[in-house]
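The values are calculated or read from the model by the stated rules, or taken from the named source; none is laboratory data. These numbers come from a predicted model, not from an experiment. Here Cβ is always computed from backbone atoms with ideal geometry, including for glycine, and neighbour counts include all displayed protein chains.
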Amino acid sequence: MEIKAVKFRKHGFYSQPFAFGGEEGPDKFDPSVRYHGSLQNYLIDTGDEVILVDTGLPAGTPEEVPNETSAAYTGKDICSYMEAFAALGYKPEQVTKILLTHKHSDHSGELKSFPNAKIYVNEDELSAAELQGIDNLVPVKFTDGAYYNFPACQKIQDGIYLIKAKGHTNGNSIIVVEKDGLFYMLHGDITYVDEALYANKLSVVYDDVQAARETLDRVREFIRNHPTVYCGTHTPQGYENLEAKRVMDLDNPVETVFEEFDFTKKEATGKYVCSICGYVYDPAEHDGVAFEDLPADWRCPRCKQPKEKFNEA
């Protein structure tokens, strides 16, 4: 069995208030501290099956143009998700299963590109706008009991488990792959950066803060009791941990390399992109109303985040 990262954006960042401020509030943290960001999802090749964990941003999603006040920036395109997938040597028809961590489009954007895949998704996510019009969804009810300290799981096959992990979204899930005595935890947004895992901090993005806290506590307890390789979506430490088979040690964090970013103004298109779910606000689709002219209390129609979570595109 092999686990591979599907890398499609690099040189992004997540500010400390964004990555740490979910419980105490973002104002308690330093906005000038920016952690390295990226975008990657994962692929599991069992030898018999090709299984994806999430499917990247939709093709054509524009890059963002961040500024000094941007809380988050998903990064510059390396290539599209489908190009990154193809670069690993696979074809869409080979994918038999997709295990979805949650609905947001940086995780679900290319679900329709895999015609033979069954898409396993927490049944609580089925009403999400991102999943409408997709016929090959398999609602997961987590009927296989506890997985160690996690109360509910679904066994996908020997050594691969989909685990209920509510909080970031109400249908959020984690995938654990058992391989060669290690536990590879492939997650969406339990944390955006590994620094938040070490510091025991929640990001500002969640549907249910109490559930997000319970999930993070379980993740940290699991890591303390099992040799775990922690593979996230939004930090290059996700694929670095995978490639180094790095077992997390919560008492000895990996040294942080802070992101130094050049905010030289780049040409913008008038569009804005939600840095949380990837929704693109295009004035041409909203009677010509510029993003800047939207009411201060306007929120992303998809993930309900406020205007401040958007960057120019």
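Odds and ends about this structure:
- If the condition is being surrounded by 13 or more Cβ atoms within 10 Å (Cβ to Cβ) and without any contact (Cβ under 8 Å) to a residue 40 or more places away in the chain, then segment 152-161 contributes ALA152, CYS153, GLN154, LYS155, TYR161.
- Within segment 101-123, the only residue that satisfies the criterion of being closer than 15 Å to GLU83 by Cα, outside any loop (DSSP other than H, G, I, E, B) and in contact with a helix residue (DSSP H, G or I) (Cβ under 6 Å, 6 or more places away or on another chain) is SER113.
- Some residue of segment 224-246 being crowded, with 17+ Cβ neighbours inside 10 Å, out of contact with any helix residue (DSSP H, G or I) (no Cβ under 9 Å at 6 or more places or on another chain) and hydroxyl-bearing (Ser, Thr, Tyr): yes
- If you go through segment 78-116 and pick out every residue that is of a type in the set (D, E, K, R) and over 25 Å from ILE190 (Cβ atoms), you end up with 4.
- Per-region count, segment 155-192, residues polar (S, T, N, Q) and assigned to a loop (DSSP other than H, G, I, E, B): 4
- Close pairs (9 angstrom Cβ cut-off, 6 or more residues apart or separate chains): under 17 Å from TYR279 (Cα atoms) in segment 124-148, at pLDDT below 95 and of a type in the set (S, T, N, Q) anywhere: GLU130/SER105
- Hits in segment 52-111 (condition: over 23 Å from MET1 (Cα atoms) and either outside the structural domain of LEU137 (by TED's automatic domain parsing) or of a type in the set (Val, Ile, Thr) (or both)): THR61, VAL65, THR69, THR74, ILE78
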